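Structure first, commentary second.
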Amino acid sequence: MALVKCPECKKEISDSADSCPHCGYKLKNTKKESSSNFNFTKDDSNVLLIVAVICLFAVPFVGVILLIVALSQKKKAKKAKERSDMEKILIKNAKIDALASIDPTNTEKAKEQIDIINKLDNLD
Ligand SMILES: [Zn+2]
């Protein structure tokens, strides 16, 4: 048998007593319910608080990381596209130059030029 403080009048009373002998405060039911409820809500609110804190910090953090990754990938893709576009233009220009330099009167030279154009086509 242990002594506990009455939640109502704060006087020391037996924890086995059904009600406080000083103020008549009902102990058994209210004590059990209130203590278990309090513990549950405390744990629950702690978990909620932790989750809320994680969300508050993690969501923008992950969002920023995803944004950075997405932007860098977009940049890379754009650069790669620009590079390949540039290469295509260079190849196209080389083809135009090769075609323009074909001498129809010189078949041997023309064949060489066509070979070069075919090689450029293979690069494309
Ligand atoms: Zn009391």
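The values are calculated or read from the model by the stated rules, or taken from the named source; none is laboratory data. The shown structure was predicted, so the numbers you read here are calculated from the model rather than taken from an experiment. Positions of Cβ are backbone-derived with ideal geometry, glycine not excepted, and every protein chain shown enters the neighbour counts.
Hey, PRO104 hits all of (1) surrounded by 11 or more Cβ atoms within 10 Å (Cβ to Cβ); (2) in a loop (DSSP other than H, G, I, E, B) but one; which does it fall short on?
Every listed condition holds for PRO104 apart from (1).
Got a number for residues in the stretch 97-116 being at pLDDT 80 or above and hydroxyl-bearing (Ser, Thr, Tyr)?
Selection size over the stretch 97-116: 2.
Just need a number here: residues in the stretch 14-55 that are at pLDDT 65 or above, within 19 Å of MET1 (Cα to Cα) and not in a loop (DSSP other than H, G, I, E, B).
4
Working only within the stretch 2-13, note down all residues that are more than 54 Å from the chain's Cα centre (by Cα) and either assigned to a loop (DSSP other than H, G, I, E, B) or within 8 Å of the ligand (Cβ to nearest atom) (or both).
From the stretch 2-13, those more than 54 Å from the chain's Cα centre (by Cα) are 11-13; that's our starting set.
If the condition is that a residue be more than 54 Å from the chain's Cα centre (by Cα) and either assigned to a loop (DSSP other than H, G, I, E, B) or within 8 Å of the ligand (Cβ to nearest atom) (or both), then LYS11, ILE13 are the ones that fit.
Output the number of residues of the stretch 75-107 satisfying the condition of being more than 36 Å from the chain's Cα centre (by Cα) and over 17 Å from LYS119 (Cα atoms).
5
State whether the residues of the stretch 64-77 include one that is among the basic types (Lys, Arg), at pLDDT below 90 and out of contact with any Cys (no Cβ under 7 Å at 6 or more places or on another chain).
Checked the stretch 64-77: no residue is among the basic types (Lys, Arg), at pLDDT below 90 and out of contact with any Cys (no Cβ under 7 Å at 6 or more places or on another chain).
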